[in-house]
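Below is one structure, written out as structure tokens; comments come after it.
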Amino acid sequence: MDVLQGNLQYLKVHYLLARGGAKAAARIEEAVSPQSSRALRWLLRHHDEEGITDTESWKRDEVDYLLEYYSLLEIACTLNLVPWPLSKDVADPAIKHLEHPAVQKYMQHYPISLPQLLVLRLKGLFIGRVACDDAPTLFWQLLELDSRLYNDNCETFLWFIDGGSRGRYDIDSVIRTLKSSKAYFHAVSVRAREITHLTKALHGFRIFLQFCVDLDALLADPALPPLFRVEAWKYFAYWFRNLSLYVEENDLQRAIGQVAAWKQSDADAARHTASEVKRIRASVERLSSGEFGRFPNQLRDGERPPKQPARRTRPKIR
Amino acid sequence: MVQNHLIAGNPSEPKGFRAYWATRPKGTAIVFVHGFNGEAVGTWSLFERFLPQDPRCAGCDLVFFQYDSVYTNCAISASELHTLLTRLSTDRATLVDETLGSSGRPPRPVKYKRVLLIAHSMGAVVARKALLRMYRNRNKDLWAKTIILLLFAPAHLGAHVTHLVSLLGIIPYVGQMLPFVRYKIPALTELGINERGQMSRSLEDMRTDTKEALERGAFYLRARKVIFGTADKVVVPGEYCDDENFDSVAGREHKDICKPTTDYLDPLNVVMGFL
């Protein structure tokens, strides 16, 4: 099998078909009449217009997965890992899906830029490419990092920082629990059958922090091609934006301290814990600041990340 | 760099495996088994970046086994690993086709001459138990002799529960809570040593079975390389049955002993030494 075809096949099978993006694609393709197009636009509305129902949120997830697939396709194009030009059976539907007015609007509501870059690329308006010896392994590393977020625990945590709630738990429950060592201990050390959404979100938070450290280490590598660095950061940028929106700075710092630390009497362990906490905090701060999302010539000395917008309220239940 | 591997395995599936199949396989597989609360690939990071880039690995299949290490006991995970190793050795072509999603491709038979089974921490117990299953199945699993076992910070002599618990991100802030945690998380009972430093019954049985199997010629159960970090506070270091004498790496902790980086290439060199 041709390796470039193999890479494309892998993306299609696991990121388009397995995760449900194909269902969203079919739904978008069906939305041609004014009535069905209106229905799709309503499904993909901003949550401030009207709260998102349970059924709607599952369908919107499928759209998210479709956009993730196109984002990864864009990065694979940048790294020359898929056949170029893309065959008509890949390129034509991509333009059709991503240029649908409802999808365009959705990408404005919830800023996602890589699919839009793919459309520009397919139209010949963006030609950014990276000639890099370790392109395959960089891409695989990105996929491995992505897969770490795709589990029950992380999904619950990410749902909470997307404004969602499950049962009686939401991001506030997580933050509240993390404020007390005792509450955290009891919530996490449970038997399999006693696991709650709170337990999952707490485990998810810990996984997310490790993910941040590893993503930061990847992106901070000075040898990384700048375009890949920008695109890789943008692929995950939504979550860092949400983290800033939903978790107060002080709460986040305290939560990191809680998860990374464990109280030990010996000085070595205490020193190690302090450096671990410092490392995680620095990674989260760098990723949330958006500095990896800018090309080096766009960075100015002493430039600070934009002030955090006011916290939004978003009733989402699942 | 020429791309010599194809990534495979379902990234959305918490159990199973991730693989980097060699496009021109030459009869070697490297199978990684993570430890307590570890991740298929994350535990071994940056092996997944270094190995595919190395020309010596161009024809090697790289397989990262994933299992539930917190709520499932080692014997169950070992049976899953045994199944994966069996399929890998007897039916690679189908496995490749299934995981790449390209069923139309004609299978290309590959017979492994060498399978490096590399395990970290609890993964060493899972791997050894999987090999013991092979031993019990010895009339069928003739390919077992191709296996070379390499261990990083193995937990086969037990682990200190308080430190093991720290891998979960739990704060064992009061000693009296530990029995409570042990009871809730079965893996801790299986791996943890008691106040007198004694291993669990399960680990004792495994050692007895390993000794017996080795006496009867199951040499694949003998670890060819065992490495501990001097700063590892989680597992109990020591010699085990007929395994090679262990090596120690100064300053390395439990979690980073098996992670190659640009300034710590020992784990990579160990693996390369067996290729």
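Just to be sure I understand the model, the point goes 7 Å from the Cα along the line to the Cβ. What's the resulting A:E249 to B:T230 distance in nm?
Using points 7 Å along Cα→Cβ, the separation is 4.2 nm.
Given a 1.4 angstrom probe, what's the average accessible area per residue across chain B, in square angstrom?
Details: 10800 Å² over 275 residues.
Result: 39 Å² of accessible area for each residue.
Determine the total buried accessible area between chain A and chain B, counting protein heavy atoms only with a 1.4 Å probe; round to the nearest 100 Å².
Values: alone 16240 and 12960 Å², together 24930 Å².
Between A and B, the summed buried area is about 4300 Å².
In the protein assembly as shown, what percent of the accessible surface is made up of carbon and sulfur (1.4 Å probe, ligands and nucleic acids excluded)?
Working: 13030 of 24930 Å².
After summing per-atom areas, the C and S share lands at 52 percent.
Students often forget the sequence filter, so: which lysines lie under 18 Å Cα-Cα from A:K96 once same-chain residues fewer than 8 apart are removed?
Cross-link targets: A:K12, A:K23, A:K88, A:K105, A:K123.
Restricting to bridges with both residues inside the protein assembly as shown, how much of the DSSP beta-bridge set is antiparallel, in percent to the nearest 5?
Values: 12 of 41 bridges.
In the protein assembly as shown, approximately 30 percent of DSSP beta bridges are antiparallel ones.
Applying a 10 Å radius around every beta-carbon, put A:136-149, A:169-182 in order of their mean neighbour count, most first. Show your work: numbers first, answer last.
Numbers: A:136-149: 21.4, A:169-182: 18.4.
Going from most to least packed, we get A:136-149, A:169-182.
Just tell me which lysines come within less than 28 Å, Cα to Cα, of B:K129; anything on the same chain fewer than 8 places away is out.
Straight-line reach from B:K129, under 28 Å: B:K15, B:K26, B:K111, B:K113, B:K140, B:K145, B:K184, B:K211, B:K225, B:K233, B:K255, B:K259.
Using 0.36 nm per residue of separation minus the Cα-Cα distance, give me the extension gain between B:L265 and B:R24 in nm, one decimal.
Details: separation 241, 0.36 × 241 = 86.76 nm, distance 2.60 nm.
Contour length minus Cα-Cα distance gives 84.2 nm.
So what's the angle, to the nearest 10 degrees on a 0 to 90 scale, between helix B:201-215 and the longest Cα principal axis of chain B?
It is inclined by approximately 50 degrees.
Give me the dipole magnitude in Debye, nearest 20, for the protein assembly as shown about the Cα centre, with unit charges on the beta carbon: positive for Lys and Arg, negative for Asp and Glu. Mind dumping the intermediate values first?
Working: 78 positive and 68 negative charges, 128 e Å.
About 620 debye.
Counting alpha carbon pairs within less than 8 Å and at least 6 residues apart, what relative contact order, in whole percent, applies to chain B? Let's see the in-between values first.
Numbers: 520 pairs, mean separation 51.2, N = 275.
Reported relative contact order: 19 percent.
How far apart, in nm, are two points set 7 Å out from the Cα along the Cα-to-Cβ line at B:D91 and at B:R196?
Going by the 7 Å Cα→Cβ label model, 4.8 nm.
Relative to the first principal axis of the alpha-carbon coordinates of chain B, what is the inclination of helix B:122-136, with its axis defined by its Cα atoms, in degrees from 0 to 90 and to the nearest 10?
60 degrees
Where the only charges are on Cβ atoms (+1 Lys, Arg; -1 Asp, Glu), what is the dipole of chain A about its Cα centre, to the nearest 20 debye? Each step should come with its number before you reach the end.
Working: 44 positive and 40 negative charges, 176 e Å.
Once rounded to the nearest 20, the dipole reads 840 debye.
Specify which residue in the list A:H47, A:A25, A:V119 is farthest towards the positive end of the charge dipole of the stretch A:3-122, using unit charges on the beta carbon of Lys, Arg (+1) and Asp, Glu (-1), about the Cα centre.
A:V119
So, taking all protein chains as they sit and a 1.4 Å probe, how much accessible area belongs to B:Y220, in Å² rounded to tens?
30 Å²
Quick check for you: with a 1.4 Å probe and neighbouring chains kept, what is the accessible area per residue of chain A, in Å²?
Values: 14130 Å² over 318 residues.
For chain A, the per-residue accessible area is 44 Å².
Quick one: which residues, 5 or more positions from B:G16 or on another chain, have an amide H under 5 Å from its amide H? H modelled 1.01 Å from N in the peptide plane, none for Pro or chain starts.
For B:G16, whose amide H was placed from the backbone, the distant partners under 5 Å are B:Q66.
The values are calculated or read from the model by the stated rules, or taken from the named source; none is laboratory data. Just so it is clear, the model here is predicted, and its values are computed rather than measured. As a convention, Cβ positions derive from the backbone with ideal geometry for all residues, glycine included, and neighbour counts pool all protein chains shown. For accessibility, only protein heavy atoms count, side chains too; no ligands or nucleic acids. Shrake-Rupley method; radii C 1.70, N 1.55, O 1.52, S 1.80 Å.
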